[in-house]
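Some notes on the structure that comes next.
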Ligand SMILES: [Zn+2]
Ligand SMILES: [Zn+2]
């Protein structure tokens with residue numbers, strides 16, 4: 001306790017504040033009731049050791065880590081200029097730009113709805129997941145990267161892409177040496 005100016009108890013607090021009128025009687029009684037309920041608030045604060053840690057964020061997907069994410073960022077499926085760890089493809093930017101041009105997000109207020117909602121309007125024939133997979137030779141990580149980088153949320157959801165399943169199939173094919 002030592003130098004805690006609150007802890008020595010009511011007696012010494014009176015020594016610290018001989019004139020309670022100066023501090024205010026209300027304040028002192030509030031302090032006393034708090035002591036009875038919770039103990040010394042200052043001691044409590046001292047007991048809680050606060051540890052500060054540096055947290056890293058991925059610039060592309062927002063992933064957090066206590067370790068540097070430089071390696072993750074290089075392969076992150078949110079990074080248009082990524083390298084693929086599965087198929088080795090580099091630079092998806094031309095494909096991302098191609099797919100960005102295939103749709104528009106428009107706001108519509110439907111009858112009976114309270115506000116406008118985002119809808120997808122395809123400029124030509126609706127893009128399918130097979131189109132994207134064909135462009136990246138079936139690589140699930142590159143497919144996911146195109147979905148994340150080229151398609152805004154309402155458009156991305158139209159594909160209903162099952163990444164886990166696609167990855168499983170990819171590894172099965174790899175095992176069979178196809
Ligand atoms: Zn990331
Ligand atoms: Zn790939």
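The values are calculated or read from the model by the stated rules, or taken from the named source; none is laboratory data. Keep in mind it's a predicted model, so treat the numbers as computed, not measured. Virtual Cβ from ideal backbone geometry, glycine too; neighbours counted across all protein chains shown.
Scan 82, 74, 148 and give me the residue that is touching a residue at least 12 places away in the same chain (Cβ under 8 Å), touching a strand residue (DSSP E or B) at 6+ places or on another chain (Cβ under 9 Å), within 14 Å of ligand 2 (Cβ to nearest atom) and assigned by TED's automatic domain parsing to the domain that holds residue 164. After applying the criteria, what remains is 82.
Sort out which residues of region 57-82 are surrounded by 11 or more Cβ atoms within 10 Å (Cβ to Cβ) and farther than 14 Å from residue 96 by Cβ, and write them in order of number. Can you show your working first?
The first filter runs over region 57-82 and keeps only residues surrounded by 11 or more Cβ atoms within 10 Å (Cβ to Cβ), leaving 57-61, 63, 65, 69, 72-82.
Result: 57, 58, 59, 61, 63, 65, 69, 72, 73, 74, 75.
Scanning region 88-98 for residues that are loosely packed, with under 14 Cβ neighbours inside 10 Å and within 13 Å of ligand 2 (Cβ to nearest atom) turns up 88, 90, 91.
Would you tally the residues in region 124-141 being under 14 Å from residue 158 (Cβ atoms) and assigned to a loop (DSSP other than H, G, I, E, B)?
Going through region 124-141 one residue at a time, the tally reaches 4.
The residues of region 76-122 that are assigned to a strand (DSSP E or B) and over 17 Å from residue 132 (Cβ atoms), listed by number, are 83, 90, 104, 105, 106, 107, 108, 117, 118, 119, 121.
Being more than 16 Å from ligand 1 (Cβ to nearest atom) and over 26 Å from residue 138 (Cα atoms): is that true of residue 112 here? So residue 112 fits the description; yes. Tallying residues that are under 17 Å from residue 140 (Cα atoms) and in contact with a helix residue (DSSP H, G or I) (Cβ under 8 Å, 6 or more places away or on another chain) within region 62-74 yields 0.
Residues that are exposed (fewer than 13 other Cβ atoms within 10 Å of the Cβ) and closer than 18 Å to residue 102 by Cα within region 132-178 comprise 134, 153, 157, 160, listed in sequence order.
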